[in-house]
1. I need Phe96, Phe52 ordered by Cβ neighbour count within 10 Å, fewest first.
2. Go through Cys149, Ile120, Phe81 and say which Cα lies farthest out towards the positive end of the charge dipole of region 71-211; charges sit on Cβ, +1 for Lys and Arg, -1 for Asp and Glu.
3. Taking 0.36 nm per intervening residue step and subtracting the Cα-Cα distance, what contour gain separates Asn131 from Asn79 on full extension?
4. State the answer as a single residue: which of Val164, Gln92, Ile68 lies farthest towards the positive end of the charge dipole of the chain, with beta carbon charges of +1 for Lys and Arg and -1 for Asp and Glu, about the Cα centre.
5. Using only the alpha carbons, work out the radius of gyration and Dmax of the chain in angstrom.
6. Straight distance only, please: which lysines reach the Cα of Lys47 with their own Cα at less than 21 Å, same-chain residues fewer than 8 apart left out?
7. Hey, can you rank 22-32, 98-108, 197-207 by average C-beta count inside 10 Å, highest first?
8. Once a ≥ b ≥ c are taken as the square roots of the eigenvalues of the Cα gyration tensor of region 25-129, is the result rounded (a/c under 1.5), prolate (a/b larger than b/c) or oblate (a/b not larger than b/c)?
Amino acid sequence: MRIVLIGAPGAGKGTQAKVISNKFNIPHISTGDILRNEINKGSELGKKAVKFVESGKLVPDEIIIEIIKNMIRKSRSENGFLMDGFPRNLKQAKMFSSTLDHLGIKLDKVINIVVDKDEIISRLGKRRTCNVCKSVFSINNNNENFIKCPECGGDLIKRKDDDVEVIKHRLEVYESETRPLINFYTDKGLLVNIDGSGEEKEITERILKFL
Ligand code: AMP
């Protein structure tokens, strides 16, 4: 199974990607997670990427393309993959298509998770990530003081790019760079639109109907 998940930041791609990749036993490839991991390690790649990630800009295509080529090579021996956060613009999508064609691999579906803008701003403002196990949580009025991870006791931190001004910039980048992928994959007959509102489980069920 080869799946691409697209949608605005905060649409719930990461959450759904974990459930679906587990269900189909395929690697979950999140370019955002890979970049954050490199930044935390202080690697050369992380040093190049940090200013883009923290300000909500796209990391240059050359860096992303290199990461993805390595991941595709590794995943050839597995049951497929689930891409989360890649491709992010038309250049990446075209490169991805030609790499897959070259390897004789076809995508099964591109899932576009649709959530309205106000909901996204509200969700991202409440998002916290555990600095140890990387689980993602949403704080609300009742658990505002809940600063330890319920899974492992690690500290819950707010991503720098979930600051409200950076969120607005990320949404602009989404509109200009990423939204055109909807037409690109519609033309290829691969796109499915999924309503991303409501409970996590309901959204998973909506997605699974198409897989
Ligand atoms: P995400 O976790 O998918 O929201 O990504 C967080 C940040 O990582 C983005 O705002 C970009 O700075 C960077 N990033 C992730 N994936 C890509 C990509 N495919 N192309 C360029 N930048 C990316």
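Bear in mind that the values in this text are calculations on the coordinates, not laboratory data. None of the values given here were measured: they were computed from a predicted structure. Note: ideal-geometry Cβ built from the backbone for every residue, glycine included; neighbour counts use all protein chains shown.
1. By the 10 Å Cβ count, ascending, the order reads Phe52, Phe96.
2. In region 71-211, that residue is Phe81.
3. Full-extension gain reported as 15.7 nm.
4. Ile68
5. 16.7, 52
6. Within reach: Lys57, Lys69, Lys134, Lys158, Lys160.
7. 22-32, 197-207, 98-108
8. Details: a/c = 1.77, a/b = 1.27, b/c = 1.39.
Oblate shape, in that a/c is at least 1.5 and b/c is the bigger or equal ratio.
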